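A short worksheet on the structure shown next.
The values are calculated or read from the model by the stated rules, or taken from the named source; none is laboratory data. Computed from a predicted structure; not experimentally measured. A quick note on method: Cβ atoms are made from the backbone with ideal geometry, for glycine too, and the neighbour counts reach across all protein chains shown.
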Amino acid sequence: MRRLASIAAKLALLLGIVLGIAGALSWQLAGPMIEAANHRVAVPDERLGGHAVSFASESGAQIAGWLVPGTRGAGAVILLHGVRADRSGMYRRARFLAAAGYTVLLFDFQAHGESAGAYITFGHLESRDATAAVAFLRSAAPHEHIGVIGLSMGAAAALLAEPPLRVDALVLEESYPTIEEALADRLRQQYGDHGGALLPLFTWQMPLRIGIGPDALRPIDHIGALRVPKLLIAGAQDRNTTLAESKRLFEAAAEPKEFWVVADAGHKDIRERHAAEYEPRVLEFLARWLRADQGRANQGRATAH
């Protein structure tokens, strides 16, 4: 009996050592995922026009951005970049929108680019920046209907905003449905098919590191309450947000909604690889809902594809 107790104690000690080592390693690996991605951001070339702006956010950051004035009555669009990126990654989108007459606001999320912040929160604090951007643009372009184009984390931030963003249309590219799925997808890519089993080693850290748990990062729980028109865009080859996950998010969304699957696209490369289809499709959607002479008349007529 004593021998069995001794063996059990040794096994418990060994298990504790293994878990301690695993916890320490996962803590070290997770650090770079949340650390701030601050750096200087290149000024757009003169073809875009516009000027630098800044505004305060309830995330605690002063947000750095770029505003491109458009044609009065043509609508306005806010561009929300992905994780560890900045507003410069949205310059090409801004160019075709500005060419169509839209007022365009681009900005760096907190802890990204030239906006201050202690750490990245994958859409939580960033959703407050999105709310602040809407308020800023409503002041800068008070007569315009406003749309949002969110990419990856930017799309998640748009969905996580509380209260919901006061906008008239949403283009959501490759948003994760839940942070658990987003992390598991990346762990599988890095460590193989069984990498998803490592997920608990990362999620337990979230309250300690960024002050929230996984339950606070579930865009799929919010999208059903949003009654504004939505265009969801997914890459069929996306491994960071799988097509099955994008379909689940679309199914949870309230009408009016549309779904566009790009057959040979991965994560965050749809506009870059398919500009000839992406640009007219997004412009048609935005014009339908944001142009003052037709947007409201079309309410409720969007259909799923």
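Considering only region 145-165, how many residues are in contact with a helix residue (DSSP H, G or I) (Cβ under 8 Å, 6 or more places away or on another chain), under 17 Å from Phe107 (Cβ atoms) and assigned to a loop (DSSP other than H, G, I, E, B)?
Residues meeting the conditions: 2.
Being in contact with a strand residue (DSSP E or B) (Cβ under 6 Å, 6 or more places away or on another chain), part of a strand (DSSP E or B) and within 25 Å of Pro219 (Cα to Cα): is that true of Leu137 here? I'd like the intermediate steps shown before the answer.
Details: in contact with a strand residue (DSSP E or B) (Cβ under 6 Å, 6 or more places away or on another chain): yes; part of a strand (DSSP E or B): no; within 25 Å of Pro219 (Cα to Cα): yes.
Here the answer is no, as Leu137 does not meet what is asked.
Report yes if Ala61 is over 24 Å from Leu283 (Cα atoms) and either modelled with pLDDT under 95 or not β-branched (Val, Ile, Thr) (or both), otherwise no. Give the steps one after another, and end with the answer.
Numbers: over 24 Å from Leu283 (Cα atoms): yes; either modelled with pLDDT under 95 or not β-branched (Val, Ile, Thr) (or both): yes.
Considered against the rule, which asks whether it is over 24 Å from Leu283 (Cα atoms) and either modelled with pLDDT under 95 or not β-branched (Val, Ile, Thr) (or both), Ala61 comes out as yes.
Say whether the condition of being modelled with pLDDT of 95 or more, among the charged types (D, E, K, R), under 21 Å from the mean Cα position of the chain (by Cα) and at negative phi is met by at least one residue in region 284-305.
Scanning region 284-305 turns up no residue that is modelled with pLDDT of 95 or more, among the charged types (D, E, K, R), under 21 Å from the mean Cα position of the chain (by Cα) and at negative phi.
Could you please tell me which pairs satisfy a Cβ distance under 9 Å, a separation of 6+ or placement on different chains, a first residue in region 86-102 that is surrounded by fewer than 19 Cβ atoms within 10 Å (Cβ to Cβ), and a second residue that is β-branched (Val, Ile, Thr) and part of a helix (DSSP H, G or I)?
Short answer, once both residue conditions are applied: Phe96/Val282.
Tell me, which residue of region 168-219 that is β-branched (Val, Ile, Thr) and in a helix (DSSP H, G or I) is farthest from Ala94 (Cα to Cα)? Step through it out loud before you land on a result.
Start the filter on region 168-219 by keeping residues that are β-branched (Val, Ile, Thr), which leaves 171, 178-179, 203, 210, 212.
Still in the running and in a helix (DSSP H, G or I): 179, 203, 210.
On the way: Ile179: 28, Thr203: 35, Ile210: 31 Å.
Per the criteria, the residue is Thr203.
Are any of the residues in region 246-253 at pLDDT 95 or above and among the hydroxyl-bearing types (Ser, Thr, Tyr)?
Yes, some residue in region 246-253 is at pLDDT 95 or above and among the hydroxyl-bearing types (Ser, Thr, Tyr).
Any idea which residue in region 211-232 is surrounded by the most Cβ atoms within 10 Å (Cβ to Cβ), counting only those that are among the charged types (D, E, K, R) and without any contact (Cβ under 8 Å) to a residue 40 or more places away in the chain? Show your work before the answer.
Residues of region 211-232 that are among the charged types (D, E, K, R), as a first pass: 215, 218, 221, 227, 230.
Filter once more, so that each one left must be without any contact (Cβ under 8 Å) to a residue 40 or more places away in the chain: 215, 221, 227.
Values: Asp215: 11, Asp221: 15, Arg227: 12.
In this case the residue turns out to be Asp221.
If Gly70 satisfies all but one of (1) surrounded by fewer than 24 Cβ atoms within 10 Å (Cβ to Cβ); (2) touching a residue at least 40 places away in the same chain (Cβ under 8 Å); (3) more than 24 Å from Arg47 (Cβ to Cβ), what's the number of the condition it fails?
For Gly70, the failing item is (3).
What's the number of the only condition in (1) free of Cβ contacts under 8 Å to residues at least 40 places away in the same chain; (2) under 24 Å from Lys257 (Cβ atoms) that Ala156 fails to meet?
Condition (1) is where Ala156 drops out.
Please work out which residue is nearest to Gly150 (Cα to Cα), limiting yourself to region 227-249 and to residues that are out of contact with any helix residue (DSSP H, G or I) (no Cβ under 6 Å at 6 or more places or on another chain) and charged (D, E, K, R).
Step by step, filter region 227-249, then rank; the result is Lys230.
Touching a Pro at 6+ places or on another chain (Cβ under 9 Å), under 18 Å from Gly60 (Cα atoms) and of a type outside the set (S, T, N, Q): does that describe Leu160?
Considered against the rule, which asks whether it is touching a Pro at 6+ places or on another chain (Cβ under 9 Å), under 18 Å from Gly60 (Cα atoms) and of a type outside the set (S, T, N, Q), Leu160 comes out as yes.
Within region 250-257, does at least one residue satisfy the condition of being buried (at least 21 other Cβ atoms within 10 Å of the Cβ), in contact with a helix residue (DSSP H, G or I) (Cβ under 7 Å, 6 or more places away or on another chain), of a type outside the set (D, E, K, R) and without any contact (Cβ under 8 Å) to a residue 60 or more places away in the chain?
Looking for residues that are buried (at least 21 other Cβ atoms within 10 Å of the Cβ), in contact with a helix residue (DSSP H, G or I) (Cβ under 7 Å, 6 or more places away or on another chain), of a type outside the set (D, E, K, R) and without any contact (Cβ under 8 Å) to a residue 60 or more places away in the chain, one finds at least one in region 250-257, hence yes.
Restricting the search to region 271-288, which residues are more than 20 Å from Pro256 (Cβ to Cβ) and small (Gly, Ala, Ser)?
Ala275, Ala276
Restricted to region 268-279, and to residues that are closer than 19 Å to Lys230 by Cα and at pLDDT below 95, which residue is surrounded by the fewest Cβ atoms within 10 Å (Cβ to Cβ)?
Lys268
Hey, does region 83-92 have a residue that's in a helix (DSSP H, G or I), modelled with pLDDT of 95 or more, within 21 Å of Val282 (Cβ to Cβ) and touching a strand residue (DSSP E or B) at 6+ places or on another chain (Cβ under 6 Å)?
Yes, because at least one residue in region 83-92 is in a helix (DSSP H, G or I), modelled with pLDDT of 95 or more, within 21 Å of Val282 (Cβ to Cβ) and touching a strand residue (DSSP E or B) at 6+ places or on another chain (Cβ under 6 Å).
Testing His194 on (1) at pLDDT 95 or above; (2) surrounded by fewer than 24 Cβ atoms within 10 Å (Cβ to Cβ), one condition comes back false. Which one is that?
Tallying (1) at pLDDT 95 or above; (2) surrounded by fewer than 24 Cβ atoms within 10 Å (Cβ to Cβ), His194 fails exactly one: (1).
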